[in-house]
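Here the structure comes first, spelled out in structure tokens, and everything after it is commentary.
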Amino acid sequence: MRIGVLTGGGDCPGLNAAIRGVVKKALQLGWSVVGIHDGWAGLVQGRVEPMTEYSIAGILARGGTILGTSRTNPFKKDGDVQRCQDNMQRFGIDALVAIGGEDTLGVAEKFSKIGLKVVGVPKTIDNDLSGTDYTFGFDTAVFIATDAIDRCKTTAEAHRRVMVVEVMGRHAGWIATFAGIAGGADVILIPEQPFDIDEVCEAVQRRHKRGKLFSLVVVAEGAHPKEGQLVLQAEKTDSFGHARLGGIGNLVGAEIEKRTGIETRVTILGHVQRGGIPTATDRIRATRLAVAAVELLEQGKYGYMTGIHGNDIGAVPLHEAVSKIKTVTPQFFKVAEVFFG
Ligand code: F6P
């Protein structure tokens, strides 16, 4: 058996740990592995490399992905699907492990439907994939965002300011909710709950009246005001049709300062949440999910994604995993709200 492995979509900490898991498990089974460069783009263009023990040496703790990534969608361009199938044959690839989020695994699902032997491994810092309690990458992003909140809090307190910290989270506010709870945020704004800017300002003012002269507001990039629009950084969209987000924090910060008169500063964390070394939890999650994906191939169970279900690793059909976004459950958000004052 010869398998191919690729990483697609936005990178996240733990991708290299997952690649290592796939290669190690495959080698243990006596299989050979090829790494496909830059996600689905590499399969379209026939850019692959053989993977050995040496290819994965020392990568467990490294951020990024040694294979590279892209947001190429072969189902968007005439002829690309056929090119992928031809390259599978050309390089003798029997089956694929696709490591990605909803877009990359959406492509995997489409390939599975037309007969390709493919399994998926769930990654994304956003933690918004269905079929798994957690995606790898999320824990590291929460760790980084919490650290940033802690740091912004001490400077907010020193200057008696409001600090707005914008974190990633396109459709779901998992990072904002987790890091907000862990960092003791005074307000958390997430895409799932359109916010009322009056209420945000009232929360800040209530704190001031209680003698708390600083406040920390966490906002997910996909959060939006009631009946409002998302703030787009640019009109550009990627090949999956996603607009580039980022900047809602500036809007919220400006409004708070204007309405409350309290000096306000904004920090947009952006891609620092996606870079650098993965936490131990993400390394373990990535490794377990990747090893289990190769085991699915061994069992001939194609068209599935591995997932974390409690303490266990299970499998869900790819179509279930990509059919809907996993949003923040009210139970989590209610806990966060206790601290809004
Ligand atoms: O999907 C993960 C994510 O980090 C989103 O939260 C964010 O909107 C997006 O990727 C940004 O991706 P990029 O800047 O790489 O296009």
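The values are calculated or read from the model by the stated rules, or taken from the named source; none is laboratory data. Note that the coordinates shown come from a computational prediction; the quantities given were computed from them, not determined experimentally. Don't worry about glycine lacking a Cβ; one is built from the backbone with ideal geometry, like all the others, and counts go over all protein chains shown. All accessible areas refer to the heavy atoms of the entire protein, side chains included, with ligands and DNA or RNA removed. Shrake-Rupley method; radii C 1.70, N 1.55, O 1.52, S 1.80 Å.
Accessible surface of Met88, taken over heavy atoms with a 1.4 Å probe and every protein chain present, rounds to 10 Å². Would you mind getting me the FRET efficiency between Asp238 and Ala158? Use the beta-carbon distance for r and R0 = 41 Å, nearest 0.05. The value I calculate is 0.55. Note on the chain: helix-only mean residue ellipticity at 222 nm, from DSSP H runs of 4+ residues weighted -39500 (n - 2.57) and normalised by residue number, equals -12000 deg cm²/dmol. Among the chymotrypsin sites (Phe, Trp or Tyr not before Pro) found in the range 1-75, those both in a DSSP coil and sparsely packed, with 13 or fewer other Cβ atoms within 10 Å of their Cβ, are Tyr54. Per residue, the accessible area of the chain comes to 42 Å², computed with a 1.4 Å probe over protein heavy atoms only. Computed over protein heavy atoms with a 1.4 Å probe, the carbon and sulfur contribution to the accessible area of the range 138-275 reaches 49%. Expressed as a whole percent, how much of the Cα-Cα distance distribution for the chain exceeds 33 Å? Percent of Cα pairs beyond 33 Å in the chain: 31. Extension gain for Met1 to His309 (0.36 nm times residue separation, less C-alpha to C-alpha distance): 108.0 nm. Residue by residue, the range 216-222 carries 3J(HN,Hα) couplings of 10, 10, 9, 10, 6, 4, x Hz when phi is fed to the Karplus relation 6.51 cos²θ - 1.76 cosθ + 1.60 (θ = phi - 60°); x denotes Gly or Pro. In summary, the helical segments of the chain meeting the span-like criteria, namely a full DSSP H run, a Cα extent along the axis of 30 angstrom or more and a mean Kyte-Doolittle hydropathy of at least 0.0, are 138-159. In whole percent, and with a 1.4 Å probe on the protein chains, what portion of the accessible area of the range 16-121 is carbon and sulfur? Summing carbon and sulfur atoms, their accessible area is 47 percent of the total for the range 16-121. Once the chain from Ser323 to Asp198 is taken as fully extended at 0.36 nm per residue, the excess over their C-alpha distance is 41.5 nm. For the chain, a simple Cβ point-charge model (Lys and Arg +1, Asp and Glu -1, everything else neutral) yields a dipole of about 380 debye relative to the Cα centre.
Look at the dipole of the range 197-318 built from charges on Cβ: of Val272, Thr260, Tyr302, the Cα furthest out on the positive end belongs to Thr260. Cross-link pairs exceeding 27 Å in C-alpha to C-alpha distance, out of Lys77/Lys123; Lys153/Lys326; Lys110/Lys324; Lys236/Lys334, comprise Lys153/Lys326; Lys236/Lys334. If you take all other residues with their beta carbon under 13 Å from the beta carbon of Thr327, and give Lys and Arg +1 and Asp and Glu -1, the sum is -1. What is the Cα centroid distance between the range 268-303 and the range 57-110, reported in whole angstrom? Comparing the Cα centres of the range 268-303 and the range 57-110, I get a distance of 15 Å. Expressed to the nearest 5 percent, the antiparallel share of DSSP beta bridges inside the chain is 30 percent. A Förster radius of 41 Å, combined with the Cβ-Cβ distance separating Ala182 from Ser55, puts the computed FRET efficiency at roughly 0.70. Report note on the peptides 249-262, 133-146, 165-178: ranked by the mean count of other C-beta atoms within 10 Å, highest first, their order is 165-178, 133-146, 249-262.
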